[in-house]
Structure formats: C-alpha cells, structure tokens
Amino acid sequence: EPEVTQTPSHQVTQMGQEVILRCVPISNHLYFYWYRQILGQKVEFLVSFYNNEISEKSEIFDDQFSVERPDGSNFTLKIRSTKLEDSAMYFCASSDRTPYEQYFGPGTRLTVT
Amino acid sequence: AQSVTQLDSHVSVSEGTPVLLRCNYSSSYSPSLFWYVQHPNKGLQLLLKYTSAATLVKGINGFEAEFKKSETSFHLTKPSAHMSDAAEYFCVVSVDSFKTIFGAGTRLFVKA
C-alpha cells in the first residue's frame, strides 16, 4: 500500500540554525500539507500546497517557514532560524483531492536546543 | 469559522466493553469529518470519514461513527474494546478548503 514517508525521523539542531524536513508524498497525490504537534498539545495545521504554490497557511506559518516541491517527488519544510519553541513533531500529509482523506507520514521529531 | 471539540481528554474502559469518544463540531458549511488514531510514537492513521454520504460510517478495526447534523456531533463508537485500541484519537473537520482542524484529542485507556 502506498504511504507517505518522512526523513529524518529525529532531528536535533541548535537554536538559530536552519533545518529542512523532507517528505515524499504518495505519488499520484496533488495536495500536500504540513502539521505540527508540540508535545502534549493538539495537532496544528501549518500550510497546504497545491499546484506549486501555497493554498492556505496558518498564523503559525510566518516568514521563518517556507515550503517547496523541488522535484516531482519531494515536499520540504524549511525553518530558517529555529527557536526553542519550534521543537515539535512535524507531520507531512498528502491527498488526491481536498478536503478529503489525507494520508499522514510517520512524522519528524525536531528538537531545538 | 469551523471548530472541533472533543469532550473528553481521557476515556478509560475495560477490555470487552463499549467505547464512546465524543466529538462536536462547528461549521458554517457542510463539513467533511474524520477520525484519526495515533499510537505511541507512530503517525496518524485514518479510522473513518464522513463526506456527505451515509450518516453512519464504518471504519477499520470495528469502529464506527454517526454524523448527527441536528446535534452537530460525530461520536466514535466500538462495541467491544480491545487492548490494542489504547491510543490517542483525533476528531478532524475540513470544510471545502485546504485547511483541516484537529480536535484536542482523546486518550483511550483499556484495562484488562
């Protein structure tokens, strides 16, 4: 069964450093998403991406964040200058249409020290 | 604006007894509603979805949910809990947009 994959599974970085989280969505999907879940809190929507552009973003997704689909298979989330409060589990998801079923990856745990 | 409220942060049941996880939503339009499950250190797995077809939706692992528009509810049920059902459950709403709203989650404990 096709699945969304994410790398790395765990990333540790120092405050102020740039990080790139990578996702490979399901191959025939057209809609891509990033979410985050701070430990002990709810899953929060960050951004959605369709047709090579951001379709919607939350208040969390400020200028420190960017997304890109650099080739036909990867979807990346970049955090330009990490803060301690960026420590969270980041989930990538994809769907073949919206607002329907999204398939989630296993997540990348980001720890900012 | 849409929102999701999961009425219980924790639910504890005994193995073999019924499960009820409650979810209420608020939406200006006809929503799509989902239940996802998250096992410890795992990603999110779709249990079931409602997308304006039958109001009683059957999902995986014996779970089902009923969409009740008059009560704005989408409660998740299972007739008989199994130890492997212990996990966190999220009710999710999506309204014809690219944005999906998660509830705060309900942690289900299953006692032997």
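The values are calculated or read from the model by the stated rules, or taken from the named source; none is laboratory data. Note that the structure is predicted; figures quoted are calculated from it, not measured. Glycine also receives a Cβ, built like all others from the backbone with ideal geometry; neighbour counts cover every protein chain displayed. Heavy atoms of the whole protein, side chains included, go into the accessibility calculation; ligands, DNA and RNA do not. Shrake-Rupley method; radii C 1.70, N 1.55, O 1.52, S 1.80 Å.
From the set of residues in the range A:56-112 that are among the aromatic types (Phe, Trp, Tyr) and part of a strand (DSSP E or B), which is farthest from A:Gln11 (Cα to Cα)? Per the stated criteria, the residue is A:Tyr103. Across the range A:47-74, the qualifying residues are those that are of a type in the set (Gly, Ala, Ser) and more than 12 Å from chain B (Cβ to nearest Cβ), and the one among them that is surrounded by the fewest Cβ atoms within 10 Å (Cβ to Cβ) is A:Gly72.
This table checks each residue for (1) touching a helix residue (DSSP H, G or I) at 6+ places or on another chain (Cβ under 6 Å); (2) crowded, with 16+ Cβ neighbours inside 10 Å; (3) not in a loop (DSSP other than H, G, I, E, B).
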{"position": "A:Gly16", "(1), (2), (3)": "no, no, no"}
{"position": "A:Cys23", "(1), (2), (3)": "no, yes, yes"}
{"position": "A:Ile26", "(1), (2), (3)": "no, yes, no"}
{"position": "A:His29", "(1), (2), (3)": "no, yes, no"}
{"position": "A:Tyr35", "(1), (2), (3)": "no, yes, yes"}
{"position": "A:Leu39", "(1), (2), (3)": "no, no, no"}
{"position": "A:Phe45", "(1), (2), (3)": "no, yes, yes"}
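Looking for something away from chain A (no Cβ under 11 Å), open to solvent by 80 Å² or more (accessible area, probe 1.4 Å), of a type in the set (A, V, I, L, M) and not in a loop (DSSP other than H, G, I, E, B) - is there at least one such residue anywhere in the range B:85-104? The answer is no, given that none of the residues of the range B:85-104 is away from chain A (no Cβ under 11 Å), open to solvent by 80 Å² or more (accessible area, probe 1.4 Å), of a type in the set (A, V, I, L, M) and not in a loop (DSSP other than H, G, I, E, B). Filter the range B:48-63 for residues that are open to solvent by less than 60 Å² (accessible area, probe 1.4 Å) and within 11 Å of chain A (Cβ to nearest Cβ); which is nearest to the chain's Cα centre (by Cα)? It comes out as B:Leu48. Scanning the range B:13-28 turns up no residue that is farther than 30 Å from A:Glu59 by Cα, away from chain A (no Cβ under 14 Å), over 13 Å from the mean Cα position of the chain (by Cα) and crowded, with 20+ Cβ neighbours inside 10 Å. Among all positions in the range A:92-111, there is at least one residue which is crowded, with 20+ Cβ neighbours inside 10 Å, touching a helix residue (DSSP H, G or I) at 6+ places or on another chain (Cβ under 7 Å) and either aliphatic (A, V, I, L, M) or touching a residue at least 24 places away in the same chain (Cβ under 8 Å) (or both). If only residues of the range B:13-34 that are modelled with pLDDT of 95 or more and in contact with a Leu (Cβ under 8 Å, 6 or more places away or on another chain) are counted, the one that is farthest from B:Ser73 (Cα to Cα) is B:Val13.
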